[in-house]
Amino acid sequence: MNQSLSMRTVVGMVLVAFLWAICFPFIVVGLPDAPPLLFAALRAFLAGTCLVLIAIYMGARVNYSPRQLLVLAVIGFSYTGMGLGGMFLGAGKLGPGVATVLANAQPLFAAVLAVFIINEVITGRVFAGLLIGFVGVVVLATPEMDFGGSRFIGALYVLGGAIGTAVGNVLLKYQASADDVYWAMGIQLLIGSVFLAIASVSFGESVDIDWTWSFATALFVLAVPATALMVVLWNILLASAPLNRLNSFTFLTPAFGLLVGILAFDETFSLVEMVGIAVTIVGLFIVVKAPEPRG
């Protein structure tokens, strides 16, 4: 089959990339008022509750086998538990720009996992596009990365979260269905919130939250548009297109993240960052225009 992604899919993935991009800035806004893992657990719980309520309102029925529930539990642990946990722990030690960039190592991890778990084919052109896009991400990260102290630990947290997200994405592709998105995503988010709450207790975090307007706003944005809406849209797109092709759009997230930094945090672009953005977009273009592997 020699078919490029539809315009509807492209627009949907650009929106998903933007929703991912606003996560780290809003995490940074809310972190002074709550412990990171507890904050992450609240985000997942609120998002999952929203989706379950929508499923109930729509009259959708829960009909999962034990095997399907196990897959959702693993997704909840990897995609939500590890992914959000790494994001929130790392965001407190890194700037939102660097954290956003590092989180976008996940498409390469997912590309390798997809070959072994769901037998997805990576053509030479798609791999080249992914590799070029990742090089762009590395170039974007280079000016600010410090491999010593808390920043290095923060980088490890974010990369660990990226691995969890990659595992979750492959499993989401494995069970993706546009007909069952609200229950499935709601359940995995609620399961993930439990893992995050257990981790919060294990890390000895306090339960004190300063419910300021800035924290409430950050929690709402992170839970509703940046999680509930994003995972529903992402799951629908996964049901209709190859994971590696969709994952290429996540390379737009650093570019969006830098744009948010400029508009909201008065950040400026260096020449190296501009080069990184250009390389990222080149990699994205190559993957989007690559034909599907012949079946």
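The values are calculated or read from the model by the stated rules, or taken from the named source; none is laboratory data. Owing to the predicted nature of the structure, the values given are computational and were not obtained by experimental measurement. Ideal geometry is used to build each Cβ from the backbone, glycine not excepted, and the neighbour counts take in all protein chains shown. Areas reflect the complete protein model, heavy atoms only, side chains present, ligands, DNA and RNA absent. Shrake-Rupley method; radii C 1.70, N 1.55, O 1.52, S 1.80 Å.
Details
- Cβ separations smaller than 9 Å between residues 6+ apart or across chains give the following pairs from the range 59-87 residues that are farther than 14 Å from Val170 by Cβ to residues that are among the hydroxyl-bearing types (Ser, Thr, Tyr) and open to solvent by 60 Å² or more (accessible area, probe 1.4 Å): Ala60/Tyr182; Gly85/Tyr157; Gly86/Tyr157; Met87/Tyr157.
- Looking only at residues in the range 273-295 that are in contact with a Lys or Arg (Cβ under 9 Å, 6 or more places away or on another chain) and among the aliphatic types (A, V, I, L, M), the one that is modelled with the highest pLDDT is Ile286.
- The listed residue being in contact (Cβ under 8 Å) with a residue 12 or more places away in the chain and either open to solvent by 30 Å² or more (accessible area, probe 1.4 Å) or not in a helix (DSSP H, G or I) (or both), out of Leu51, Leu42: Leu42
- Number of positions in the range 180-212 that are at pLDDT below 95, farther than 20 Å from Val62 by Cα and in a helix (DSSP H, G or I): 0
Table: residues versus (1) over 17 Å from Phe88 (Cβ atoms); (2) crowded, with 16+ Cβ neighbours inside 10 Å; (3) polar (S, T, N, Q).
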{"site": "Val181", "(1), (2), (3)": "yes, yes, no"}
{"site": "Gly186", "(1), (2), (3)": "yes, yes, no"}
{"site": "Trp213", "(1), (2), (3)": "yes, no, no"}
{"site": "Ala223", "(1), (2), (3)": "no, yes, no"}
{"site": "Leu238", "(1), (2), (3)": "yes, yes, no"}
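- Against the numbered list (1) open to solvent by less than 10 Å² (accessible area, probe 1.4 Å); (2) within 21 Å of Ala216 (Cα to Cα), Val29 comes up short only at (1).
- Boolean, Leu102 is touching a helix residue (DSSP H, G or I) at 6+ places or on another chain (Cβ under 6 Å), closer than 14 Å to Lys173 by Cβ and at pLDDT below 80: no
- Filtered residues of the range 188-211 (kept if crowded, with 22+ Cβ neighbours inside 10 Å and under 16 Å from Ile54 (Cβ atoms)): Gln188, Leu189
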